[in-house]
Structures are given as structure tokens and as C-alpha cells.
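Undergrad: Let me give you the structure first, and then I'll get to my questions.
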Amino acid sequence: MSVTYDCIVLGLGGVGSAALDHLARRGQRVLGIEQFRTVHDRGSSHGETRATRKAYFEHTNYVPLLERAEKLWRELECDTGRSLLEACGLFIAGPADGPCVQGCLRSAGEHKLKLEQLSPPEARRRFPNFEFDEADSIVYEPGAGYLRVEDCIRSHLERARQNGAESQFETAVIDWEPTDNGVRVRTERSEYEAARLVITAGGWATDLISDLGFNLKILRKTLLWLPKTGDAYDAGPVFYYVRPRGDYYGFPSLDGATIKLSEHTGGDPVDRPEDIDPALLERDAEPLAEFARQFLPAADPQPTRHATCFYTMSPDGRFYVDRHPEHPQVAFAAGLSGHGFKFASVLGEVLADLAIDGETEQPIGFLGVEERI
Ligand SMILES: Cc1cc2nc3c(=O)[nH]c(=O)nc-3n(C[C@H](O)[C@H](O)[C@H](O)COP(=O)(O)OP(=O)(O)OC[C@H]3O[C@@H](n4cnc5c(N)ncnc54)[C@H](O)[C@@H]3O)c2cc1C
């Protein structure tokens, strides 16, 4: 049986849940299709928290999108009554002349963002449960913090439903094809037609837009929860250290007993998300324990729990957000490269704009596919 929609959203993770919400709020008859259950732990959007910051070392081009994303997260909080964005502050410690510290300073300078620079003694006084190298330069963004990742998805799905969106979970899309009037999407159980399609399939994007020849690499990542003493790390901040061995980051305690720690660099490449080994391997735990011993004096390096997740890397670390060059009725976000969650709210809005209007006011030119694939 074929059912017709204005738009179908393929994949209801971080970005897809936001796209579903924005399309529904713009009055579209929209269907979201997700292969797993609601808010699952088999993609890239689970594990309690995601860092959000605006003095963006990756590139100054992202800053206007981050300003818009923050506004949209705050609106979502108001509409759903959930606390989603905790502005507990965030510091980055690393070499003064390195790309992270320099990139933060550049973005803050160009966009007039509040960013403090601290010496190691100043940082120790301010953050007594952290250790620093004498050579570190520390930049602290008081308005940065973290997002409660699962609640963000829940909130987008809830508001989408209130605005009339339909969703199907535990339903895998097998393929889609362009038609004279839009697209036909085939699932295990049914076929649907829609005027437009938004593809937000995360690590499965290459299966669904294979004709674009994306070169996306899946990197396995491990998250550890370490016990900590007293009220250390309860109030923040989020922390990010650039060390010679890798970049390590972590979050304040959400449960009063543990903190979450992970490594941004490294990660084992796998062919497909399904190939991720969920076990905690010695090579995951050892570098993080070593880091904790040196820089987190109030944490116990022996984890009490762990989770695995994956990054979907584009070759240049920049997202792909665009319309399909040959099928303009199809818009997509892919290759979010391990830093995309904080943008999910604005990417949902952008994808709704691209699907409905064919264009967006948001400055996404640097994320287009032209000349990049
Ligand atoms: C450990 C870790 C830490 C991170 N830390 C940060 C951070 O601090 N800050 C930050 O901003 N970002 C961070 N990121 C990155 C961020 O989480 C991701 O970029 C973002 O969550 C990706 O969202 P997505 O919607 O593209 O993918 P997902 O959330 O994985 O959603 C894709 C969805 O599509 C569905 N799907 C795929 N194929 C099909 C199909 N055929 N049929 C139906 N459904 C399908 C999947 O099941 C999935 O639900 C981190 C990522 C990881 C793994």
C-alpha cells in the first residue's frame, strides 16, 4: 500500500528528530522512519551528555550556526519543560600556539564571544579538582556546557508528535527512488510516497546516498564513567585537554558519584556501525586511566561502567549539509564527524528549509557537497 506525505525523514537520531520537529511545525504532513526503537543506543546520539561551545576551534564559520542552535535548544526547553542545556562552563587546556587554543581565540575574537584566558596557577585556583601542565594555556568559556543528549531527542520527537508528525520505529528503510512527484521509500513492511525526503541516517548514510560517493569513515569510541570523591566535579566545568598522546574530554557528574571521560582523537576504524565491539578493551581504558591519574586528582581511574558509540567522519571533518545534486527533492545531513550534536537543533531547521523552500537563511555554504566529493 502506498501512502503519500509532504516529507519523509529517514533516521530519527539526533538530527532526524530535530528535522521531523521543524517540518511538522512548518505544517508539513511528515513521516519519520527509524530502524531502532525511540532514543536507542546503537547510533551516535547516546551516553547522557554532549559538549556545546561557541568559541569554536574547528572553524569560525560554525559560530553563527551555534548561536542559532543555542536559541533553538532554549525554545525547546520552554516548550517541553525539560532542562536540556546546562551552561556550566567549559575549558580547553593545551599548547598556547596549538590549533585548539588559537582556534577558540579566533572564533571568540571574530564573533565577540566571552572567553577567558587563564595561566596554569590561575586555572588550579579556579578549578581545584583539575591538574594542568606548566606549559598549558587555558581558555574558559563561561557560557558553554553540555546538552542532555537523550532528552534532546525525546523533546524533539515529543514536540513533533504534538504538531502532527507521524513516526515509525523498528522499521528499517531498505531503499528509496526518485519519482515524477518526489520520492518512493521502501521499508521492510511497506512503501511510502512523499514530495520530499530528508536523509539523516548518521553512520548508515553511505547505504542510502551511495550515488554521491561519500567517503565516510566510522570510528569506534568508548565512554568511561569514573568514580569520584565528595562533591568534586558536581558543578562543572566540561573539560577538554590537548595532550601529546591525544585529546581527552569529560563532563561534570550527573549522578553525584561518577564523571564521564572519553578521547576525541583516535578510535578504531570499522566498516559498518554493526561491527562495533561493545566490550571495554584494554586499549580503550589504559590511555584514559593514565590521563585521569595525571589530571583528575579527585577521580578513581578504574571505571564502574562504559559505553561504546561511533563517529562518522568526513575526510575534512566538516559536515555535509545540502540537497542532492541530481534529486533536489532530497536534502541530507551526513558526516557529522564527532562534533555534530550541539548543532542538531539548527540542522533540523536547515533541513526543513532545504526540503520546503530549497534554500535556507542559515550560512551553510561551507557545508555543501560541491567540490568536496
Ligand atoms: C562518543 C561520542 C561523543 C560525542 N561528543 C560530542 C560532543 O561532545 N558534542 C557534539 O556536538 N557532538 C558530539 N558527538 C557527535 C554527535 O553525537 C553526532 O555527530 C550526532 O549525534 C550524530 O547525529 P546523527 O543524527 O547524524 O546520527 P544518529 O543520532 O546516529 O542518527 C541516525 C539515525 O538514523 C537511523 N537509520 C540509519 N539507517 C536507517 C535506515 N535504513 N532505516 C531507518 N533508520 C535508519 C539510525 O538508526 C539512527 O537512529 C559525539 C559522538 C560520539 C559517538
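The values are calculated or read from the model by the stated rules, or taken from the named source; none is laboratory data. Bear in mind that the values here come from a model prediction, so they are computed numbers and not experimental data. Because the Cβ atoms are built from the backbone with ideal geometry, glycine has one as well, and the counts that use them run over all protein chains shown. Just the protein is used for accessible areas: all its heavy atoms, side chains included, with ligands, DNA and RNA removed. Shrake-Rupley method; radii C 1.70, N 1.55, O 1.52, S 1.80 Å.
Undergrad: Could you tell me whether the range 85-140 comes out rounded, prolate or oblate from its Cα gyration tensor? Rule is a ≥ b ≥ c as square roots of the eigenvalues, rounded for a/c under 1.5, then prolate if a/b exceeds b/c, otherwise oblate.
TA: Details: a/c = 2.22, a/b = 1.24, b/c = 1.79.
Oblate is the answer for the range 85-140, as a/c is 1.5 or above yet b/c matches or exceeds a/b.
Undergrad: May I pose another question? Per residue, how much accessible area does the chain have with a 1.4 Å probe, in Å²? All intermediate terms of the calculation are to be shown ahead of the outcome.
TA: Details: 15420 Å² over 373 residues.
I get 41 Å² per residue for this part.
Undergrad: Looking at the range 15-78, which trypsin sites (Lys or Arg not before Pro) are in a loop (DSSP not H, G, I, E or B) and have at most 13 other Cβ atoms within 10 Å?
TA: Working: sites: 25, 26, 29, 37, 42, 50, 53, 54, 68, 71, 74; in loops: 26, 29, 37, 42, 53, 54.
Filter output for the range 15-78: 37.
Undergrad: Work out the FRET efficiency for residue 60 and residue 234 from their Cβ-Cβ distance, taking R0 = 35 Å, and round it to the nearest 0.05.
TA: Efficiency computed from Cβ-Cβ geometry: 0.60.
Undergrad: Given the pairs 54/114; 54/112; 114/228; 54/228, which are separated by over 18 angstrom at their Cα positions?
TA: Flagged as over cut-off: 114/228; 54/228.
Undergrad: Can you pull the semi-axes for the chain, root of five times each eigenvalue of the Cα gyration tensor, sorted largest first, whole Å?
TA: For the chain, the semi-axes come out at 36, 21, 19 Å.
Undergrad: Follow-up. Within the range 81-169, which trypsin sites (Lys or Arg not before Pro) sit in a loop by DSSP and count at most 12 neighbouring Cβ atoms inside 10 Å? If you can, show how the numbers build up before the last one.
TA: On the way: sites: 82, 106, 112, 114, 124, 125, 126, 148, 154, 159, 161; in loops: 82, 112, 114.
Answer in residue order: 112, 114.
Undergrad: Kindly identify the range 11-63 as rounded, prolate or oblate by the Cα gyration tensor criterion: order the square roots of the eigenvalues as a ≥ b ≥ c, call it rounded if a/c is under 1.5, otherwise compare a/b with b/c, prolate if a/b is larger, else oblate.
TA: Since a/c reaches 1.5 but b/c is at least a/b, the shape of the range 11-63 is classed as oblate.
Undergrad: With everything on Cα atoms, drop me the angle between helix 63-80 and the longest principal axis of the chain, reported from 0 to 90° to the nearest 10.
TA: 80
Undergrad: Ignoring any ligand, DNA or RNA, what whole percent of the accessible area of the chain comes from carbon and sulfur when the probe is 1.4 angstrom?
TA: C and S atoms contribute 45 percent here.
Undergrad: Please give every one of the lysines within straight-line cross-link reach of residue 221, meaning a C-alpha to C-alpha distance under 23 Å, and leave out same-chain neighbours fewer than 8 residues apart.
TA: By straight Cα distance, residue 221 reaches 260, 342.
Undergrad: Over the range 202-313, what is the relative contact order in whole percent, taking alpha-carbon pairs under 8 Å and six or more residues apart?
TA: 40
Undergrad: While we're on this one: Given the DSSP H assignment, sum -39500 (n - 2.57) over each helix run of at least 4 residues in the chain and divide by its residue total; what's the result at 222 nm in deg cm²/dmol, nearest 500?
TA: Computed mean residue ellipticity for the chain: -8000 deg cm²/dmol.
Undergrad: Mind pulling the angle between the C-alpha long axis of helix 344-357 and the longest principal axis of the chain? Nearest 10 degrees, somewhere in 0 to 90.
TA: 20
Undergrad: In addition: Compute the long axis of helix 149-162 from its Cα atoms, compare it with the longest principal axis of the Cα atoms of the chain, and write down the angle in degrees, 0 to 90, nearest 10.
TA: Its long axis makes an angle of about 30 degrees.
Undergrad: Provide 179, 38, 187 ordered by accessible surface of protein heavy atoms (probe 1.4 Å), highest first.
TA: Reading off the accessible areas and sorting them downward yields 38, 179, 187.
Undergrad: What is the range 232-373 by shape, rounded, prolate or oblate, if you read a ≥ b ≥ c off the alpha carbon gyration tensor as root eigenvalues and call it rounded for a/c under 1.5, prolate for a/b larger than b/c, and oblate otherwise?
TA: prolate
Undergrad: Roughly speaking, what is the centre-to-centre gap between the range 97-154 and the range 210-241 when only Cα atoms are used, to the nearest Å?
TA: So the two Cα centres are separated by 16 Å.
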